[in-house]
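Note sheet for the following structure.
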Amino acid sequence: MRAGFLLAVLFVAGGYTWVAFAELSYLSSAGRLGPGFFPRIIGTLLVAICLASLWLDARRAAPPESPSPFLRVTMVVASLSAALVAAMYLVGGLLAMIAFMAAALWTLNRGRPLQNALIAVLLPLALYLMFRVWLNAAMPRGLLELPF
Amino acid sequence: MEVFEHLLLGLSVAITPANLAYLFVGVVIGMIVGIVPGFGPAAGLAILLPITFGMDPAGAVIMLAAIYYGAMYGGTITSILLNTPGESATVASTFDGYPLAQQGRAGPALVMQAVASFVGGTLGVILITALAPLFSHVARSFGPPEFFLLVMMGLLTLIAMIGGNWRYGVISALIGFALGTVGVDLETGQPRFTFGSAELIGGIDFIPIAIGLFGLGELLHAFYQGLHASGTGGIVQYQKERRFWPDLRDFVETRWAVVRGSLLGFCVGVIPGAGATVASLMSYSIEKSVSRTPEKFGKGAMAGLVGPEAANNAASSGAMVPLLTLGIPGSASTAVLLAAFMLWGLTPGPLLMTQKPEFAWGLIASMYLGNIALLALNVFAIPVFVQIIKLPYRILAPAVILVCTIGTYSVNGSIVETWLMFAAGVFGFFMKRLGFSPAALVLALVLGPLAEQSLRQSLTISRGSFMIFLERPLSLWILGVTAAVLLLGVLLRIPARR
């Protein structure tokens, strides 16, 4: 998994470095150090250390780790978090929060329907009141333009 | 005398009813953040930052700072009662805290850790009061080369001290630097890595990244480790013990451990990048080595608990010195505090104490009051916090994810930034899982623009010569301290490898 992560970082770092060299000038028009100076150093170092890490890690070849028995639940929570952001954009903050809490508690806290239902409604409502009413902060209204 | 005048000015700011209320709310939230395992002060600060937007700057920063040092107190309660550190700086407190609790001395251990934390935290604030003006005065003679070296010192120290693979630490910091270069170049006005996106013109905002890495990322990692399934069944029932209060012998035997821990913690905390975790572990090693009964360490030695406790609280105070006087945070938590300062248009640095004395001294004065409030909370409100420990993680975690998401959106009302928070959360999960350092990434992201600007200015002054970093006495001094700290980091790793 680590090699895959390093390869992904290397891929993005390669693109970053290419842009730094190809599109950003080393010197400005006034002859001073330009916008490409620092990114070129950072990009080159990042690519070099990623390559070195890949090579050194491959030489040590640690035995493969078995994934955690909780990988599935981690993926479910990550997916629900992504769904929360998407739902905020579609149906607005309050409904998205209630749906997220209901789904998350239904998955994680099984066998307590009344407790889950109460938390799924009351907590988002409290957060909505705190952010929208008390703090007057922005709250997504969603594409449906609901009033809350 | 000038210091006392400043302190009185600060007290007049800190003791307004509103600021006292913010301080109290801050220390309570800090305690809660500290006792929730897998959830450190950086996460707490990042997530709660948006909540402070409606407050006045002094009140907001007083509250956020209280969360920061309050977390150091709270983390120990779980270390003693559950053998699970609430956050990394209280790991050393499990070594002797939990054995003490198992021997029926949880009450005395909890009170002694509260007293040690209070002494460490208060001594740290006294030293800030005495030394911050001096640091501020010296820092006024710093030029671009010194600031660049200080940034590098902070990052290198962090990478050297966090343990694990140093290459992954460097990669994490370089990713942070790379993210910091996105947006308009401040010297030439040329956009960099924006790819025509209007959202990226202003750069990548620090808050979604910090909330994602420390909030969502930490939670996902906690789920992966099965924290939601572990429960709190092993919690020590301290209420059933016959004696809650420590006896006089506990105080007498550990008095020098507290003093040593406090002084060591403050000195370590002042060094950018070193932090409270390093301070507490170093204090534990020192106490064990100077003890006449080292064999008791790990089996319930009170000195093994109070020394690290005093050290981590003094270190959290010490870390405020480079933040306030140089504008350089030494840890992820103080990086979030720096971001909070900047949000209210306050620029920490050499001029803060002279240009905004009511703010800087108000914050320092509030730390005295905060430590008193924390001492009282830690002694008299333990049953309340024990109830919070018992809150199931499977309910707590979705609630925190909600606050992370809504909090991120509320900063700028941007759904793009909310997606950025989510992406940072997933990235942060992999970083933690694979041994990379989210703290180094965040610190580099915050310090990246300062590092780039000071490097370019230095090389412009020297006409391209890197010798400028070796020619100035202050630069040489910073290089010397950096070398010494890195050497210490290497020496600390040698026993671990054996």
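Listing for the model above:
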{"quantity": "Folded to 0 to 90 degrees: helix A:113-128 orientation relative to chain A principal axis, Cα", "calculated": "60 degrees"}
{"quantity": "Trypsin sites (Lys or Arg not before Pro) lying in DSSP loop within segment B:288-359, provided at most 16 other Cβ fall within 10 Å", "calculated": "B:292, B:299"}
{"quantity": "Cα-based helix-to-principal-axis angle, B:248-270 vs chain B, degrees rounded to 10", "calculated": "10 degrees"}
{"quantity": "Neighbouring partner chain Cβ atoms per residue of B:402-413, average, 10 Å criterion", "calculated": "6"}
{"quantity": "FRET efficiency, residue A:90 to residue A:118 (Cβ-Cβ, R0 35 Å, nearest 0.05)", "calculated": "0.90"}
{"quantity": "Over chain B, relative contact order from alpha-carbon pairs under 8 Å, at least 6 apart, %", "calculated": "29 percent"}
{"quantity": "Choice from A:108, A:127, A:56 with maximal GNM fluctuation in chain A (Cα, 10 Å cutoff)", "calculated": "A:56"}
{"quantity": "Summed residue charge, Cβ within 10 Å of residue B:76's Cβ, Lys/Arg positive, Asp/Glu negative", "calculated": "-2"}
{"quantity": "Cα extents of segment B:60-111 along the three principal axes, largest first (Å)", "calculated": "42, 19, 12"}
{"quantity": "Tensor-based shape of segment A:47-88 (alpha-carbon gyration tensor, a/c under 1.5 rounded, otherwise prolate or oblate)", "calculated": "oblate"}
{"quantity": "Two-decimal Rg to Rh for segment B:90-209 - Kirkwood Rh, Cα set", "calculated": "1.15"}
{"quantity": "Rounded Å value of the spacing that divides the Cα centres of segment B:259-282 and segment B:175-227", "calculated": "30 Å"}
{"quantity": "Whole-number percent relative contact order across segment A:52-128, with pairs defined as alpha carbons under 8 Å at least 6 apart", "calculated": "24 percent"}
{"quantity": "Residues of segment A:109-148 with amide N under 18 Å of a point placed 7 Å along Cα→Cβ from residue A:79", "calculated": "A:109-110"}
{"quantity": "10 Å Cβ neighbours from other chains, averaged over peptide B:389-396", "calculated": "3"}
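Here, each number is a calculation from the coordinates, and none is a lab measurement. The structure displayed is predicted, hence computed values, not measured ones. As a convention, Cβ positions derive from the backbone with ideal geometry for all residues, glycine included, and neighbour counts pool all protein chains shown.
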